[in-house]
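Values in this text are rule-based calculations from the coordinates and carry no lab data. Treat the numbers as computed from the prediction; the structure is a model and nothing was measured. Methodologically, a virtual Cβ is constructed for each residue, glycine included, from the backbone with ideal geometry; neighbour enumeration extends over all protein chains shown.
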């Protein structure tokens, strides 16, 4: 693990690396170096993009993008080979207003649905993504639904609150 | 020839749930496929941010209808990692047995779906019957047939009832004894082989680029299995093999699923022999209504019956999770791999390929 961290720190500037668990490394970095870092890790053998996630840190007024990469193992790995079992968690922060980021489709092809989902759920526009259409939702919302300031209770009340209950309807008929 | 747009699903016999595909066809050849999820989007990840750590269990298991148990497991693992809880030795074995039962259960359901879709009704009935036998065991153990909520952070909810393992072994013998019949009527049946061989080929390079896991890699001869790579629970204390094939087509994928099921049955026998005779089955956790977990994040993964299942979970030090994000195997299989695999295939094989990729729609939507 130490070798990997040392190697990363010599090749890149401004990385904040910390170990989360025995086989997990977290890297916080500037948003400009994400593409470079991902392709660098891919060349090193971290060729499996497991997930692209996002945290809404509303207090800091920032969105945090989270990329998790790991190894596709090809040989029969026993429990001894430690280095290849790593999951690397790469994080970067972007402003919440008019959130924009670059797509990583050129590096990882399976990023497509993840970025589409983040686009509709967190309102992040990914530059260069060829198909940024709606994935799960039916329509666009003013506040993207997975952001922390989206009030689910208010949304339900606005949408369904005006429908009278059965009791109210019965009363109204009489 | 004229290009046509064809809607496949969600109300289609060959469709595996609330999911649809928009096909662009020329004659009966598919030029382009657009996966169209979202029919079952319930916003679970958002809902979970509004509930306490323990209250989330009834939500978590409903993410994957066919196989709720691994969802409970991954969420428990995530909470354990954040709160730094250890599972007692006996609890680990009970968990592993429970998860392997779930794997057999899920594979039997998958076998039902595949055989039913291709019109092998006899095999479908058998698979459903055998799944039901196993559901009886689940009911005896947990009180629920489909959703069990048996796991909890720190272990399992309660110990096995008396005589449970004997009954479980009997049930598994019954299921295992039927495998030759399954082989004769289904897996080695030339009617089935003609439908499945050489169909929906996803080769290794493509599979890796599309982020495939689980049986799609195993059908390419890659032994990618989290139970081996990063052993959790009791998997490092038992010997087992990861079945692989080399055909990369729908038929090979189904064979790996069958072999995986047989391997699971054997593994349960081995695990039952090794259970520590005495000990706690769970570690005590604080009052669930006042339980706060220190701020932090973790990424945990386990091997569900469909492949690598991951969970990214963040706590801000409160009584509720700050962010939960599931990385489900069907997400990549149903969206990227499926679109690629369908290109150039026949309309008649759409359902065939889709079920061979083992996609479960609720898992995509979450």
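Tabulated values for the structure
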| item | result |
| --- | --- |
| D (Stokes-Einstein, µm²/s), Kirkwood Cα radius, the stretch A:21-69, 1.306 mPa s at 10 °C | 130 |
| Helix B:89-118 vs. chain B, principal-axis angle (Cα, 0 to 90°, nearest 10) | 20 |
| The stretch B:312-340 residues near the modelled residue B:291 label - backbone nitrogen below 12 Å, point 7 Å along Cα→Cβ | B:319-321 |
| Backbone N under 16 Å from the residue A:18 label point (7 Å along Cα→Cβ), restricted to the stretch B:53-86 | B:82-84 |
| Dimensionless Rg ratio for the stretch B:219-278, taking C-alpha atoms and the 2.2 N^0.38 Å reference | 1.28 |
| Efficiency of FRET from Cβ geometry, residue B:86 and residue A:7, R₀ 35 Å, rounded to 0.05 | 0.60 |
| In nm, spacing of pseudo-spin labels at residue B:266 and residue A:100 (7 Å Cα→C-beta vector) | 5.8 |
| Three principal axis lengths of the stretch B:14-111 [C-alpha, angstrom, descending] | 60, 33, 18 |
| GNM result for chain B, Cα springs below 10 Å: residue of B:184, B:55, B:245 fluctuating most strongly | B:184 |
| Stretch gain in nm, segment residue B:55-residue B:343, where the contour uses 0.36 nm per residue and the Cα spacing is subtracted | 99.4 nm |
| Scattering profile of the stretch B:314-366 at q = 0.31 Å⁻¹ [log10 I(q)/I(0), Debye over alpha-carbon scatterers] | -1.15 |
| Rounded to 10°, Cα long-axis angle of helix B:250-274 versus longest principal axis of chain B | 20 |
| Virtual spin-label span in nm between residue A:42 and residue B:181, 7 Å along Cα→Cβ | 5.0 |
| Computed Rg/Rh of the stretch B:121-212, alpha carbon atoms with Kirkwood Rh | 1.13 |
| Dmax and Rg, reported as Rg then Dmax, of the stretch B:40-186 (C-alpha, Å) | 16.9, 51 |
| Computed [θ] at 222 nm, helices only, for the protein assembly as shown once each DSSP H run of length n ≥ 4 contributes -39500 (n - 2.57) | -11500 deg cm²/dmol |
| For the stretch B:287-366 versus the stretch B:204-267, the gap between their alpha-carbon centres in whole angstrom | 17 |
| Label-point gap, in nm, between residue B:4 and residue B:278 - each point 7 angstrom along Cα→Cβ | 7.3 |
| Rg [Å, one decimal], Dmax [Å, integer] - chain A, C-alpha atoms | 21.4, 80 |
| Fluctuation leader among A:26, A:103, A:152 - chain A, Gaussian network, Cα springs under 10 angstrom | A:152 |
| Cα coordinate range in the protein assembly as shown, projected on the principal axes (Å, largest first) | 77, 70, 62 |
| Chain lengthening between residue B:11 and residue B:164 when straightened (0.36 nm per residue, less Cα-Cα) | 51.0 nm |
| Averaged over B:42-51, number of beta-carbon atoms from partner chains that fall within 10 Å | 2 |
| log10 of Debye I(q)/I(0), alpha-carbon scatterers only, for the stretch B:106-158 at 0.23 Å⁻¹ | -0.81 |
| On Cα atoms only, tilt of B:68-83 relative to the major axis of chain B in degrees | 50 |
| Residue B:191-residue A:133 FRET efficiency (beta carbon distance; Förster radius 30 Å; 0.05 resolution) | 0.15 |
| Peptides ranked, highest mean first, by Cβ atoms within 10 Å: ranges B:110-122, A:12-24 | B:110-122, A:12-24 |
| Alpha-carbon gyration tensor eigenvalues x 5, square-rooted, for the stretch B:153-295, Å | 35, 23, 13 |
| Reciprocal of mean inverse Cα separation for the stretch B:3-365 (Kirkwood radius, Å) | 21.1 |
| Full-extension gain in nm, residue B:203 to residue B:140, via 0.36 nm per residue minus C-alpha separation | 18.4 nm |
